[in-house]
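The values are calculated or read from the model by the stated rules, or taken from the named source; none is laboratory data. Given the structure is predicted, the values throughout are model-derived calculations rather than measurements. Ideal geometry is used to build each Cβ from the backbone, glycine not excepted, and the neighbour counts take in all protein chains shown. For accessibility, only protein heavy atoms count, side chains too; no ligands or nucleic acids. Shrake-Rupley method; radii C 1.70, N 1.55, O 1.52, S 1.80 Å.
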Amino acid sequence: MKKLAIIASLLLAVVALTACNDKKEEVVPEPSAIDKAIDGVWHLQSFAGEQPSASGLDIYIKFSKLGTFVIYQKGVNHVRYVKLDGTFVTATTSADNVYTISGVYSSGEAWSNVYSLTIDSEHKQLTLTNNAEASDVSIYVREEYIPASVLANLAADSRADGEEEIVPFL
């Protein structure tokens with residue numbers, strides 16, 4: 001009788017420990033083709049037809065195919081970079097297959113505009129065109145990684161160590 005009670009207790013423990021988990025697993029949607037294409041690090045090469053490095057502006061953007069971004073931005077007349085992050089969404093119009101991208105910073109502030117997005121066939125050049133101002137065209141080239149010199153030169157906040165606050169580029 002004692003053995004039967006022990007076996008019953010063990011079976012009860014096994015059943016209790018293997019009970020169903022009521023938590024539902026979060027379903028993550030499959031990234032779109034354009035999200036997969038822009039996944040990676042991009043470095044600003046041209047803005048409105050000019051090289052930004054001549055003015056001191058320098059921007060790296062890292063897009064994740066899962067809809068997140070990180071921007072490392074050094075403003076004009078600033079010494080250090082500011083790190084900004086958040087989420088983005090891409091969309092396309094079925095009529096002309098034009099992609100758009102918009103985003104929200106982790107602060108809750110939306111990007112200043114929605115941009116048309118094009119990427120070359122080799123996925124090495126990304127072009128963002130401001131939908132509100134067609135001459136506002138930013139051209140980025142793909143990089144392997146964010147340079148260590150950028151990561152080592154981050155400001156603690158968007159004021160870049162007491163300097164004038166950096167306005168987010170996008």
| query | Only one of (1) without any contact (Cβ under 8 Å) to a residue 60 or more places away in the chain; (2) under 20 Å from A156 (Cβ atoms); (3) touching a Ser or Thr at 6+ places or on another chain (Cβ under 9 Å) fails for I59. Which number is that? | reply | (1)
| Residue match in region 87-95 (condition: of a type in the set (A, V, I, L, M, F, W, C), within 20 Å of Y140 (Cα to Cα), touching a Gly at 6+ places or on another chain (Cβ under 9 Å) and open to solvent by 70 Å² or more (accessible area, probe 1.4 Å)) | yes
| remark: Among residues of region 101-130 being touching a helix residue (DSSP H, G or I) at 6+ places or on another chain (Cβ under 9 Å) and hydrophobic (A, V, I, L, M, F, W, C), the residue most open to solvent (accessible area, probe 1.4 Å) is I119
| query | When only residues in region 161-170 that are open to solvent by less than 80 Å² (accessible area, probe 1.4 Å) and under 20 Å from F69 (Cβ atoms) count, which is modelled with the lowest pLDDT? | reply | I166
| field | Elements of type strands (runs of 3 or more DSSP E) in region 57-170, at least 1 residues being more than 22 Å from P29 (Cα to Cα) | value | 58-63, 68-74, 82-92, 115-119, 125-130, 137-143
| task | Examine region 48-61 for a residue that is under 14 Å from L170 (Cβ atoms) and open to solvent by 60 Å² or more (accessible area, probe 1.4 Å), and state whether such a residue exists. | result | no
| Flag if V141 is open to solvent by 30 Å² or more (accessible area, probe 1.4 Å), at pLDDT below 95 and either among the hydrophobic types (A, V, I, L, M, F, W, C) or in contact with a Leu (Cβ under 6 Å, 6 or more places away or on another chain) (or both) | no
| said: Suppose the filter is open to solvent by 70 Å² or more (accessible area, probe 1.4 Å), hydrophobic (A, V, I, L, M, F, W, C) and at pLDDT below 95; does A148 pass it? | reply: no
